[in-house]
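**Student:** A single structure is presented below for examination.
The values are calculated or read from the model by the stated rules, or taken from the named source; none is laboratory data. Note that this is a predicted model, so its numbers are computed, not measured. Here the Cβ positions follow ideal geometry from the backbone for every residue, glycine too, while neighbour counts run over all protein chains shown.
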């Protein structure tokens, strides 16, 4: 069965430091992979997605993610974190033929001055 | 273009009461979804719909019902509220065809407490 694991529940980084959020998936075929961000009290917003092709994908707000099939990973990165990036981040994998998504449990990002 | 709207934003129910969570989208999306989000658990799919008149169960459908009479609306019904249904509920929509995965657009959520 498909699953998504985000090993880090909570990460704190300093403003201006680099960021990497981990995501591992379990899926038999070529996965459709997503990263969403949720600001406090808000719904989810898509940061980026991977369907096929170039394994390094660029998203909004300066985020990027790299698909590594050999490691079953889709880690999210940002070179320099801003205080406004403090939020919860969810990795998701597409399941079935109905566009359904399986979400990881999320990683909460705190940014210290 | 309002996107996905949900009402109410907050609600407190007593055990055994019923209510309907409303969801409307104005993007002419064919797919719509209901999720619940519990602390530390991510989002779980409750029900989804691939078009008007067509609905199907997700991972956690027990205690809920849905209908889809129009493209725009996808209400979620709780018939006999239980404390286990205390959660934040998100509605989402997307345009999908041929099994493709397109972006899901999320509403702002409804925070429900059952006491």
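**Student:** Against the condition closer than 20 Å to residue B:94 by Cβ, away from chain B (no Cβ under 12 Å), in contact (Cβ under 8 Å) with a residue 24 or more places away in the chain and crowded, with 16+ Cβ neighbours inside 10 Å, how does residue A:74 come out, does it pass?
**Tutor:** Numbers: closer than 20 Å to residue B:94 by Cβ: yes; away from chain B (no Cβ under 12 Å): yes; in contact (Cβ under 8 Å) with a residue 24 or more places away in the chain: yes; crowded, with 16+ Cβ neighbours inside 10 Å: yes.
Taking the combined requirement at face value, the residue satisfies it.
**Student:** Turning to a different aspect of this structure: Please go through region A:77-90 and give me each residue that is more than 9 Å from chain B (Cβ to nearest Cβ) and surrounded by 17 or more Cβ atoms within 10 Å (Cβ to Cβ), ordered by number.
**Tutor:** Hits for region A:77-90 are A:78, A:81, A:85, A:86, A:87, A:88, A:89.
**Student:** Out of (1) modelled with pLDDT under 95; (2) in contact with a helix residue (DSSP H, G or I) (Cβ under 9 Å, 6 or more places away or on another chain), what's the single condition that is false for residue B:37?
**Tutor:** (2)
**Student:** Any idea which of (1) modelled with pLDDT of 95 or more; (2) under 13 Å from the mean Cα position of the chain (by Cα) is the one residue B:105 doesn't satisfy?
**Tutor:** Condition not satisfied by residue B:105: (1).
**Student:** Can you find a residue that is part of a loop (DSSP other than H, G, I, E, B), more than 12 Å from chain B (Cβ to nearest Cβ) and at positive phi anywhere in region A:2-15? Spell out how you get there, then give the answer.
**Tutor:** Restricting attention to region A:2-15, the residues satisfying the condition of being part of a loop (DSSP other than H, G, I, E, B) are A:2, A:6-9, A:15.
Next, from what is left, pick out any that are more than 12 Å from chain B (Cβ to nearest Cβ): A:7-8, A:15.
Now drop any that are not at positive phi, which leaves none.
Checked region A:2-15: no residue is part of a loop (DSSP other than H, G, I, E, B), more than 12 Å from chain B (Cβ to nearest Cβ) and at positive phi.
**Student:** Sticking with this structure for a sec: Quick check: is even one residue across region A:57-68 away from chain B (no Cβ under 11 Å), buried (at least 21 other Cβ atoms within 10 Å of the Cβ) and touching a residue at least 24 places away in the same chain (Cβ under 8 Å)?
**Tutor:** yes
**Student:** Report, by residue number, each residue of region B:90-107 that is surrounded by fewer than 16 Cβ atoms within 10 Å (Cβ to Cβ) and either in contact with a helix residue (DSSP H, G or I) (Cβ under 7 Å, 6 or more places away or on another chain) or closer than 15 Å to residue B:37 by Cα (or both).
**Tutor:** None - no residue of region B:90-107 is surrounded by fewer than 16 Cβ atoms within 10 Å (Cβ to Cβ) and either in contact with a helix residue (DSSP H, G or I) (Cβ under 7 Å, 6 or more places away or on another chain) or closer than 15 Å to residue B:37 by Cα (or both), so the list stays empty.
**Student:** Sticking with this structure for a sec: Take the residues in region A:16-45 that are in a strand (DSSP E or B) and more than 12 Å from chain B (Cβ to nearest Cβ), then tell me which one is farthest from residue A:103 (Cα to Cα).
**Tutor:** It comes out as A:19.
**Student:** Next question. Of all residues being in contact with a helix residue (DSSP H, G or I) (Cβ under 9 Å, 6 or more places away or on another chain) and closer than 11 Å to residue A:109 by Cβ in region A:14-48, which is surrounded by the fewest Cβ atoms within 10 Å (Cβ to Cβ)? Just the residue, please.
**Tutor:** A:39
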